[in-house]
Amino acid sequence: EGEAAVRCTNDACPAQLLRGITHFVSKDAMDIDGMGPQVVEMLLANGLLHDAADLYSLRAEQMASLDRMGEKSAANLIAAIDASRKAGLERLLYALGIRNIGQIAAAALARRAGTLENCMMLTREDICAIDDFGEISADCVVNYFSHPQNRELCERLKAAGLLTSPVNLPLRQGIGSPGLRLF
C-alpha cells in the first residue's frame, strides 16, 4: 500500500528463496565466502536447502557430490559456513532480509535489544524509541517477527549455534530504559 513496487509475498516462491538465501550468505550479511548465487541455486535445485537454516546442517560429502564441487571446495565452503556462526546479531538481523532494515538499522536494533529473543519481543513503540527508527521500519520488524515461519527460522538458526548477541558493538547507555522492555 502506498508503493509503486510490486513484490511477490510468497516466501516459498523459488525466486524469493534464491534471492533471500543469496542475501543471507552475502559479504555484508553472514559473509559466507564462496557461497554465491550459483552455489545457492545448485543447492536449492538438489534439495539440500529449503531455507537459510539448512546451510548449517550441510555436510562436505553432500556438497562434494555436486557438479563442479570437489572435496576441497566443499570443505572450504563448510569451513566458511561454520565461521559465519560467529558473525553476531547485527549481521544476522541484516541477513534475515527484513524489509527496510539495512546494516545500520540492524546494528542499532542489535545494540538496543542485546539478543535475538529480545528482538522478537519488541513492540512497535520499543523500536520507534531507537535512534533513527521510524514507524515504517518499526512496523517491518514487528511484522517480520509476527510470522510463525520467521520465528521458527530464527529458532533453528539459534539451535544451529549462531551467535545471537551483538559482536563489536558497544552497548549504548540507556539500555533497558523506560519504553524498552528487555526480557
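The values are calculated or read from the model by the stated rules, or taken from the named source; none is laboratory data. Just so it is clear, the structure is predicted and the values come from calculations on it, not from any experiment. Protein only, heavy atoms only, side chains kept; ligands, DNA and RNA dropped before computing areas. Shrake-Rupley method; radii C 1.70, N 1.55, O 1.52, S 1.80 Å.
Counting pairs of Cα atoms in the range 1-145, how many percent are more than 18 Å apart? Summing the P(r) of the range 1-145 above 18 Å gives 59 percent of all pairs. Within the accessible area of the range 1-137, what % is carbon and sulfur when the probe is 1.4 Å and the other protein chains stay in place? The value for the range 1-137 is 50 percent carbon and sulfur by accessible area. A 1.4 Å probe run over the chain, with the rest of the protein chains in place, finds 55 Å² accessible per residue.
Note on the chain: helix-only mean residue ellipticity at 222 nm, from DSSP H runs of 4+ residues weighted -39500 (n - 2.57) and normalised by residue number, equals -14500 deg cm²/dmol.
Dividing the convex hull volume of the alpha-carbon atoms in the range 67-139 by its residue count gives 105 Å³ per residue.
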